[in-house]
């Protein structure tokens, strides 16, 4: 009778030890210790993965530092709906400027000298919203030439018509005008 009983006993795996159903070899403290060891091992592997990913990101990351008097371009996208320069959507400029840095407010914040047209905008910006201006100063459009209405929407008027042609489709004609 004992022999036939032993054949029907199944084995169950708990971690590294194999025990038979009905055996009480693993005590509560051993099970807790095994679980704590597994958790510690998982945390070490996660930390190693985090450190590896951080090292990959840090290779490309450079701290942005500017000096007083540097010229920077200002990112427009945080102001969507408040201040608009140009058209809506993908044709809107991403950066405006250049503006001069007049003070370093904190480790990652700078105060810019903004024109009177932007007097309603706070003049302190995070480094993520500015980039160094590498453009030729002679090609920059002055801010005085940019006109805005009372909602700060950009107003633009054509200077001259450079070319005109008519595009013929099957049932319609589309006039195309090139304006400067």
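The set of residues in segment 166-180 that are in a strand (DSSP E or B) and loosely packed, with under 10 Cβ neighbours inside 10 Å comprises 166, 167, 168, 173, 174, 175, 176. In segment 91-110, of all residues being part of a loop (DSSP other than H, G, I, E, B) and in contact with a helix residue (DSSP H, G or I) (Cβ under 8 Å, 6 or more places away or on another chain), the one that is nearest to residue 68 (Cα to Cα) corresponds to 108.
Applying the criterion of being loosely packed, with under 14 Cβ neighbours inside 10 Å and modelled with pLDDT under 85 to the residues of segment 107-123, the residue that is farthest from the chain's Cα centre (by Cα) is 116. Restricting segment 136-164 to residues that are loosely packed, with under 10 Cβ neighbours inside 10 Å and part of a strand (DSSP E or B) leaves a set whose member that is modelled with the lowest pLDDT is 155. For beta carbons closer than 8 Å, sequence separation of 6+ or different chains, a first residue in segment 111-137 that is over 11 Å from residue 66 (Cβ atoms) and in the same structural domain as residue 97 (by TED's automatic domain parsing) and a second that is at pLDDT below 80 and part of a helix (DSSP H, G or I), the qualifying pairs are 115/143; 115/144; 117/143; 117/144; 118/143; 121/79; 129/78. In this structure, residue 20 qualifies as modelled with pLDDT under 80 and over 30 Å from the mean Cα position of the chain (by Cα).
The values are calculated or read from the model by the stated rules, or taken from the named source; none is laboratory data. Just so it is clear, the structure is predicted and the values come from calculations on it, not from any experiment. We place every Cβ from the backbone using ideal geometry, glycine too, and count neighbours over all the protein chains shown.
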